[in-house]
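Q: Got a structure here, written out as structure tokens. Questions coming.
The values are calculated or read from the model by the stated rules, or taken from the named source; none is laboratory data. Note that the coordinates shown come from a computational prediction; the quantities given were computed from them, not determined experimentally. Counting neighbours? That spans all protein chains shown, and the Cβs are built from the backbone with ideal geometry, glycine included. Quick note on the areas: whole protein, heavy atoms, side chains included, nothing else; ligands and nucleic acids left out. Shrake-Rupley method; radii C 1.70, N 1.55, O 1.52, S 1.80 Å.
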Amino acid sequence: MQRAHLVAAFLTFAALCVGVSALSVSRDRHATLEQARREFTATAHLLDEHASRAIEAGDAQLRMLLDALERWDRRDPAEGRRIQAAMRARTERLPQIAGVWVLDAQGRLLLDSAEHPPPPRDLSERDYAQAHLGVTQGPPPALHVGSYLPAGPGISQGRFTISRALRDEEGALQAIAVAGIQNTYFSQMYGEAGWGEGARLALFTSGKEKLAEWPPDSAVAPPDAAWPQPWDPPGGPAVIEGTRITAARMLTGLPIVVVASRPLAEVLAPWRERALWTTAVSGGILTGATVLFAFALAGARREEAVRAELLRANQSLDERVRQRTADLEKALRSAETASLAKMKVLATVSHDLRQPLQGLAAFHELLLKEAPNPTLQQLGAMASASLQAGQRLLDDLLTLSRLEAGVVPVEIGAFPLAPLLDQLAAELRAEAEGKGLRLTVMPTKAWVCSDPARLQPILRNLLSNAVKYTARGGVVVGVRRRGDGLRVEVWDSGQGIAKAELGTIWEEFYQIGNPARDGSRGAGLGLSIVERTARLLGHPLEVRSRVGRGSVFAVTLPRAPTPAVPPPMAAPPSTAPAPPARPAEASGRLSGRRVLVVEDDPLQRNSLTLLLEQAGAGVMAADSFDSALAAAQATLQAPSAILSDYRLPGGTDGLSGIQTLRGVLGRDVPAILLTGELSAELVRAAKEAGCLVLTKPAAPNRILSTLAELTAGADAAA
């Protein structure tokens, strides 16, 4: 009977092997096509964003020109020269714009960015003039996209036009502003996609008139099935049309369609190679299975006897182990559920509160740069102070919550105390001297056992409070031996604390002498965080005070033996906010760099894109690493740096996405994680992966200066 089972099993395995092989090849073909669809959809999305930004930049120039024309007194020739000079200066800054010109209400050339005064020309027969001159009823067109103009007399390169009309309050036409968009600007970008010899990329109007294409003169025809319809959802997937796979997208708010296509033969070439390998591996597996079947058939009887004996011997033991295991698993699940719930709440609150603050900081920075009014600058500085105060309150609340939830990791080690005390004194010395106080740190050679990253904020808070609440005299920091421990004491000559309040100063939101809750004096969480952190580390806290004479705060630490030859050690890294870099220094060094921004929140993605573009960087923005991976495979040039959020949709986090993208690019691209997570594990993992971590909301100037440092010396991206 056992032998019959083995034969049946072998035949079943052989059938399964053949079936699985065929199914695998079929599924692989389907997956290859689906991957190609996603990649072409992402490519069309990138082309969409590139074309939208290029045309929107030209539209912005038209809007500014219309504003100037509306205020233009045509009797003043000097004003006309100033408008023409501004037109020419703006055109020179935008490579996609071939020129800007203005027609009067009869279609005659009025202004030209190329020369002033312009030669007399009647352009009323051009399509962009007819689009506005011919409107006699109904709403006038907003932005008109003209047809393709090939190179010829007066036109050095092929281009198409965008135009807007200036009308008075009664709707009468006053002027027409026109910008020429070079189609070679798009062709050069399309040529960098690297999709193979059969790839075809093009721009069409909504009326299926071609505006730009790559390769040049490739006779790209508008697709049928893939052509976007008004009822189609935005960002529809690529489709297979005949022997090609095609993706098309309508630009948001513009009557323009981007199209990307590639032959199926090129897409399926890797699949054919894998199919051959799969067939060869399946044959090898079947051969090996035949050999194993022969051995298994001979030992089937012995195995059955051994199995029966083991089952009898372990029956009672299995029952006891099963019961104990079930009890332990139940208790462990309960503990893990509680801990995971706390961590999930903290992570969600940290991310969801910091996310809008990051966008607010970026938009605020951009607004300040564009606001020349001193009053607006002053209001912006006050808004910055309010934003920083809110961030500090959020940090304190989340730190307190993490301490209460017991999810703060601790790493105890031996280190010298003097560098830490000197660093804290250096941070607060300027504030003390500004108040006329003497700040003294008594020298010490003592070593202690603690977590320097957790001990540092305890001592910083005690020393900062001593300076804050001392009006005259000074502050002294000293170290004394107490049995097997060391007492770090902070003495001040401040106002002192009443005896009745000594037991309540450690409570949340409690502040002495601040009944009106003045926000400039903090939220009253500092000593509460100090007490809980000290309790976590096992370091006792003490306080003595006399009203009008001053106070002494002390924390007792375990003493560590001093090494015979102390190794050189630096002070623990400071967690104090770094001073913001000057905007000119940070933004000036990003010129010519290409930065890949991965952020699923559209508001955050737009704010970072605007911030980096204003700093001179070329930005590729993506809402996920699927899009970023497609972009990496679609371009021949790697970005100079990656700026990514940590939490992303689809189960992919920013850190693993960066590592995957680096593998695709074949180079260690500098990367920054911009996240609202407060996790020591994330910081360690990012450090091991060679990534920097900036906590949201990070100051815009800090983002720019960090990117400038990471990309210093790198070749400018194309």
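Q: Collect residues whose amide H, placed 1.01 Å from N in the peptide plane, falls under 5 Å from the amide H of GLU241; neighbours closer than 5 in sequence don't count.
A: THR246
Q: Let me ask something else. Using a Förster distance of 25 Å, how high is the FRET efficiency between GLN35 and PHE13, based on the Cβ-Cβ distance and rounded to 0.05?
A: 0.20
Q: Let me ask something additional. So for region 55-147, what percent of the C-alpha to C-alpha distances run longer than 19 Å?
A: Working: 1847 of 4278 pairs.
Here the long-distance tail beyond 19 Å is 43 percent of all Cα pairs in region 55-147.
Q: Grab the Cα-Cα distance for ILE240 and ALA289, subtract it from 0.36 nm times how many residues apart they are, and report the gain in nm with one decimal.
A: Values: separation 49, 0.36 × 49 = 17.64 nm, distance 4.06 nm.
Stretched out fully, the ILE240 to ALA289 stretch lengthens by 13.6 nm.
Q: Here's another thing I want to ask about it. Cβ neighbours within 10 Å, averaged per peptide: list 90-100, 40-50 in order, most packed at the top.
A: For the peptides 90-100, 40-50, the packing ranking is 40-50, 90-100.
Q: Cβ under 14 Å from ARG108's Cβ, ARG108 left aside: what net charge do those residues give with Lys, Arg +1 and Asp, Glu -1?
A: -1
Q: In nm, give the distance between the simple-model label positions of ARG63 and ALA280, each being 7 Å from the Cα along the Cα-to-Cβ direction.
A: 6.0 nm
Q: Can you compute the modelled spin-label distance between GLN130 and ALA300, with each label point 7 Å from Cα toward Cβ, in nm?
A: According to this spin-label approximation, the distance is 8.6 nm.
Q: Same structure, new question: List the residues of region 290-304 whose backbone N lies under 18 Å from a point placed 7 Å from the Cα of ALA313 along the Cα-to-Cβ direction.
A: Residues 302-304 qualify, since their backbone N sits under 18 Å from the label point.
Q: Rank these residues by their accessible area, most exposed first, probe 1.4 Å: MET620, MET64.
A: In descending accessible area the options line up as MET64, MET620.
Q: With a 1.4 Å probe and all protein chains kept in place, how do HIS116, HIS144 rank by accessible area, largest first?
A: Ranked list, largest accessible area first: HIS116, HIS144.
Q: What distance in nm separates the two pseudo spin-label positions at GLU115 and ARG549, each 7 Å out from Cα along the beta-carbon direction?
A: Using points 7 Å along Cα→Cβ, the separation is 9.2 nm.
Q: Given the Cα-Cα distance of ASP484 and LEU328 and 0.36 nm per residue of separation, how much length would full extension add, in nm?
A: 52.2 nm
Q: Just add up the charged neighbours of LEU123: K/R +1, D/E -1, any other residue whose Cβ is under 11 Å from the Cβ of LEU123. Intermediate results must be reported in sequence, preceding the final value.
A: Details: positive: ARG108, ARG121, ARG126; negative: ASP104, ASP112, ASP122, GLU125, ASP127.
In short, -2.
Q: Compute the length gained on full extension between ALA269 and LYS435: take 0.36 nm times their separation in residues and subtract their Cα-Cα distance, giving the result in nm to one decimal. Mind dumping the intermediate values first?
A: Working: separation 166, 0.36 × 166 = 59.76 nm, distance 7.49 nm.
Computed gain between ALA269 and LYS435 is 52.3 nm.
Q: Could the peptides 687-696, 25-34 be put in order, highest first, of the mean number of other beta-carbon atoms found within 10 Å of their residues?
A: 687-696, 25-34
Q: State, as an integer percentage, the relative contact order of region 611-663 based on alpha-carbon contacts under 8 Å between residues 6 or more apart.
A: Relative contact order here is 30 percent.
Q: Applying a 10 Å radius around every beta-carbon, put 489-498, 205-214 in order of their mean neighbour count, most first.
A: 489-498, 205-214
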